[in-house]
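Scroll down for the structure; my scribbles are underneath it.
Read the figures in this text as sums done on the coordinates, not as results from a lab. Everything numeric here is computed off the predicted structure, so don't read it as measured data. Quick reminder, even Gly has a Cβ in these numbers, built from the backbone with ideal geometry, and neighbours come from all protein chains shown.
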Ligand code: SF4
C-alpha cells in the first residue's frame, strides 16, 4: 500500500471514501502545467548550483519579487563560490542589507569557505555532502539536488505542504512528526515517479519539484485557491470534499507580541553616532543608531537617553516612527533627533557622515532612520 492510500484510510474516515490520487496520475499533469505556466525567474535560466543555492537561501522567508534584484546583484559582485568565500564580512552584509535574517548570509559564506577547503571550490553533487553544509537543511538540499543536478530527492516547504495536504486530503497538522514524515514520503514518491518520465527532454525531477512549489505559489494559495485553474483539480481530495479552505490544518497561530524600541539619531557637525551590533546577537555585525527596548505607555525619552548615553541632550525632537514585524514580534521603533551641547568624549560608537553610512549595512528599520537623518541634515541647510 502506498503512502497516499494509507492517508486515505486514516484521514477521510467519517466522510464518503474519496480515492487518493496516484503519483503516475499527478506527475504528467504537473509537468505539463509547469512547462507552460512556470514564471520566468532569473535563477531558472541556469543550472549552476552556486546560483541556485544563493536563490534558495535568499528565498527562505523572502518573497520572489524582493529577491530578484538582490540575487542579480549578488551574482554580479560575487560570481563564484571562491568570490563568496573570500569576500569581506562587511561586503556580504551590505549585499544582504534589506533581506533580513542575516544568519543566512553568514552561513552562506561559511559554506562557501567549506566548499573551497573540502571540495576544491566545486559545489558538491552528493546529497549528503550538500546537507552537511552550514545553513542547508533537508528542503534546501533537496531543492539544490533536484534543480541543479536533476536528482530524485524530495522537497517540502510551506507551498508544497499546502498542495500535498489538499491533494491528499490530509487533515492532521503537518507539523506533527508522523504527518510530516508522511508528507516527505509523498513528496519522495512523486519525485521518484517523475524520474521514470521523459518529458520533452526536460529535467523531470527538477521540474516536478518546482511544479509543486509553483502551484502552491500561484494557484493553490493559502486563501482562495484558484481550483478552476489547477491542473490536478479532478484528482484533488480537498476539492472533491469541499475542504480547500480547511486545509492545511496548521493549528492555532501564536499571538503576536508587541515590542517598543526608542532610538536616538544624534548629530554633531554633519556626522551621526552609529554602532555596530556585536557577534552572537540577532542582526550581528549590522549597524544601527543607539537604541533600547522600552516599556510603559509613555516612556520618558529624556530619561532613557541619559541612561543609554550617560549624558544629557540639549534638545530631543521626534524624528520618525517605524513599524515592522520580525517573526511573531510587532515592533514599533520611535526615533528622536538629538542636538548635543558638545561632542561627548565617550559616546560608545563611531561618527559617520550620511555618505559613509550609505556604505555600511544597517538593519531595515535603522536604514529608514539613516535616510530620515540624511534628509534632516539637508533640510537644515
Ligand atoms: S484543486 Fe484547488 S485545492 Fe486542490 S490542489 Fe488544486 S488549487 Fe489546490
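Points worth noting:
- Candidates 265, 163, 322, ranked by Gaussian network fluctuation over the chain, Cα under 10 Å, top entry: 322
- Cα Rg over Rh - segment 257-380, Kirkwood: 0.93
- Here the Kirkwood formula puts the hydrodynamic radius of segment 3-240 at 18.7 Å, using every distinct Cα pair.
- Our summary gives segment 65-198 a relative contact order of 15 percent, counting only alpha carbon pairs under 8 angstrom and 6 or more residues apart.
- Ordering 274, 281, 294 by the number of other Cβ atoms within 10 Å of each residue's own Cβ, fewest first, gives 281, 294, 274.
- The distance between label points at residue 63 and residue 260 comes to 3.0 nm (points 7 Å beyond Cα on the Cα→Cβ vector).
- FRET efficiency for residue 89 and residue 275, using Cβ-Cβ distance with R0 set to 25 Å, rounded to 0.05: 0.95
- In segment 129-239, the C-alpha radius of gyration followed by the widest Cα-Cα span (Dmax) gives 14.0, 41 angstrom.
- Beta bridges per DSSP with both ends in segment 257-380, % antiparallel, nearest 5: 65
- Once C-alpha pairs closer than 8 Å and six or more residues apart are averaged by separation and normalised to the residue number of segment 263-360, the relative contact order reads 36 percent.
- Using a Gaussian network model of the chain in which every pair of alpha carbons under 10 angstrom is joined by a spring, one finds that among 299, 21, 290 the greatest mean-square fluctuation is at 299.
- Among 208, 45, 164: highest mean-square fluctuation, GNM of the chain, C-alpha pairs under 10 Å: 45
- With N the number of residues in segment 78-163, Rg(Cα) / (2.2 N^0.38 Å) evaluates to 1.16.
- Computed label-point distance, nm, for sites residue 302 and residue 268 using a 7 Å Cα→Cβ extension: 2.1
- Mean separation of Cα contacts under 8 Å, 6 or more apart, over the residue count of segment 3-240: relative contact order %: 27
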